[in-house]
Amino acid sequence: MTADSTLPLRVLFCCGVTQNFFDLPREEIGKVWQAYGVMLSAVERMPGVKILGVMDDDRLTVGSADNSPWTFYIMADVADFEKAVDVCNLYRTTPVGNYNLWRYGKIEARVGRALVVPPAKNA
């Protein structure tokens, strides 16, 4: 297989809520979820980013995401490395009250390419 630079990058954005989220009083949790909604909407509108799916892992992962497993995942085709950086940067720039989203969550990206498996040949 050879790499084709014209193909988009396939990126798995691994997103987690941190202990700061769980330390909030119940009445303040809603503002963080609203910020996540703002962040996900910004990703959907971002030129050069096509979301393929979002998977929420909160049924079997309970508590803060210190490492894998994460809370939710975004699989996307991304035009280039800088666009992947732009998605991650939303955690730094999405406001939540007097703070930004990265106070309550974190993101890491796994960057690769779409795997194209050739059809099996009959032996």
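Mind checking which residues of segment 109-123 are under 30 Å from C14 (Cβ atoms) and assigned to a loop (DSSP other than H, G, I, E, B)? Across segment 109-123, the qualifying residues are R113, A114, L115, V116, V117, P118.
Here is the figure for segment 31-86: residues that are more than 19 Å from R110 (Cα to Cα), without any contact (Cβ under 8 Å) to a residue 40 or more places away in the chain and touching a Ser or Thr at 6+ places or on another chain (Cβ under 9 Å) total 2.
Read-outs: derived from the displayed coordinates by stated rules, not from any lab. The shown structure was predicted, so the numbers you read here are calculated from the model rather than taken from an experiment. FYI the Cβ positions are ideal-geometry reconstructions off the backbone, even for glycines, and counts take in every protein chain you see.
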